[in-house]
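What follows is calculated from the coordinates using simple rules that are stated; it is not laboratory data. Keep in mind that this is a model prediction, so the values were computed, not measured. All Cβ positions, glycine included, derive from the backbone under ideal geometry; neighbour counts span all protein chains shown.
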Amino acid sequence: MGILEAIVLAIIEGLTEFLPVSSTGHMIIGSTLMGIAQDDFVKLFTVAIQFGAILSVVVLYWKRFFQSFDLYLKLLAGFIPAVIMGLLFKDHIDALLENVTVVALALLAGGVVFLFIERWAPGGTGTGPQTVSYRQAVIIGCFQCLAMVPGVSRSAATLIGGMAQGLTRKHAAEFSFLLAVPTMFAATAKSLYDYLKDGGAFTTEHLQLFAIGNAVAFVVAVLAIKGFIAYLQQRGLAAFGWYRIAVGGVLLLLMALGVPLHLV
């Protein structure tokens, strides 16, 4: 993987991490289309550049982290289900990460859900993520576990979970962003630990790719978050639903036509 490919993957990560379209799914698609070999470093890179995206949330919402210690406890409550599921099903999750068919089906199914979510979800109440109860945080955390299937989208799962619990689109999205910080940090740290434990090492080129990837992901994620909140309040989720259906449908069609989309 060269610098240009790393930049493209970082753009994909920054743009899609907080949009309900699945960053993992899009990076799998991007890697496949660019023919990037899925060696241990590339797999680590696609997770580690989430750190840049994490920093974008910290920078944009830094005041929220100093408003109340209670918020930390609620984020912890929402984070625990993902820890449990990750430990129990890690091997199964890793296998799914290399399956484009799973990505396509998850994108398609999630798009259909989006087209219906605003019809049955409550209108929403509250003044922000700090008003989320512990019960709501745990339930949203359980929804987040669905995102372990590539193509589902962590943002989509937690957004739907928040709206199903009575939060407005904006408040559900903001809690989703904040919950991403411990979740993505833990995933990045675990991936780094596993890589080093298995004998992996970092060359100067690897460190350069990490630096560039995280910087690009940070800048793009800041722009994506700001744009997404504004769009979500005005337009809702329908466009993302149709986008997911279109991408999932195209992938399934290409595979049906015999176009090789498997990871190399």
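Taking a ≥ b ≥ c as the square roots of the eigenvalues of the Cα gyration tensor of region 151-264, is the shape rounded (a/c under 1.5), prolate (a/b larger than b/c) or oblate? Oblate, since a/c reaches 1.5 and b/c is not below a/b. In a simple Cβ point-charge model (Lys, Arg +1; Asp, Glu -1; nothing else charged), the chain has a dipole of about 980 debye relative to its Cα centre.
When each of Glu5, Glu174 is scored by the number of other beta-carbon atoms lying within 10 Å, the sequence from fewest to most is Glu5, Glu174.
For the chain, with the dipole built from +1 on Lys and Arg beta-carbon atoms and -1 on Asp and Glu ones, taken about the Cα centre, which of Ala6, Leu88, Leu232 lies farthest toward the positive end? Value computed over the given set: Leu232.
For region 187-247, count all C-alpha to C-alpha pairs, find those more than 18 Å apart, and express that count as a whole percent of the total.
Summing the P(r) of region 187-247 above 18 Å gives 62 percent of all pairs.
If the cut-off is 30 Å between C-alpha atoms, which lysines fall inside it for Lys226, apart from same-chain ones fewer than 8 positions away? Cα-Cα hits under 30 Å: Lys43, Lys63, Lys74, Lys170, Lys190. Model label sites at Val219 and Lys197, defined 7 Å from Cα along the beta-carbon direction, differ in position by 3.6 nm.
Going by how many other Cβ atoms sit within 10 Å of their own, how do Ile84, Ile117 line up, fewest first?
Working: Ile84 12, Ile117 21.
So the ranking, lowest neighbour count to highest, is Ile84, Ile117.
Residues whose amide H falls under 5 Å from that of Thr168, counting only those 5 or more places apart or on a different chain, are Thr125, with hydrogens built in the peptide plane. Counted residue by residue at 0.36 nm each, then reduced by the alpha carbon distance between them, the extension gain from Thr131 to Phe89 reaches 12.0 nm.
Just need the relative contact order of the chain here, percent rounded to a whole number, with Cα pairs under 8 Å and 6+ apart. Write out the running numbers ahead of the final one.
Details: 396 pairs, mean separation 101.9, N = 264.
Worked out over the chain, it gives 39 percent.
Put the Cα centre of region 1-33 next to the Cα centre of region 182-245 and the gap is 8 Å. Remark: Lys170, Lys74 ranked as Lys170, Lys74, counting other beta-carbon atoms within 10 Å and listing the fewest first. With contributions of -39500 (n - 2.57) from each DSSP H run of at least four residues, the per-residue ellipticity at 222 nm computed over the chain stands at -25500 deg cm²/dmol.
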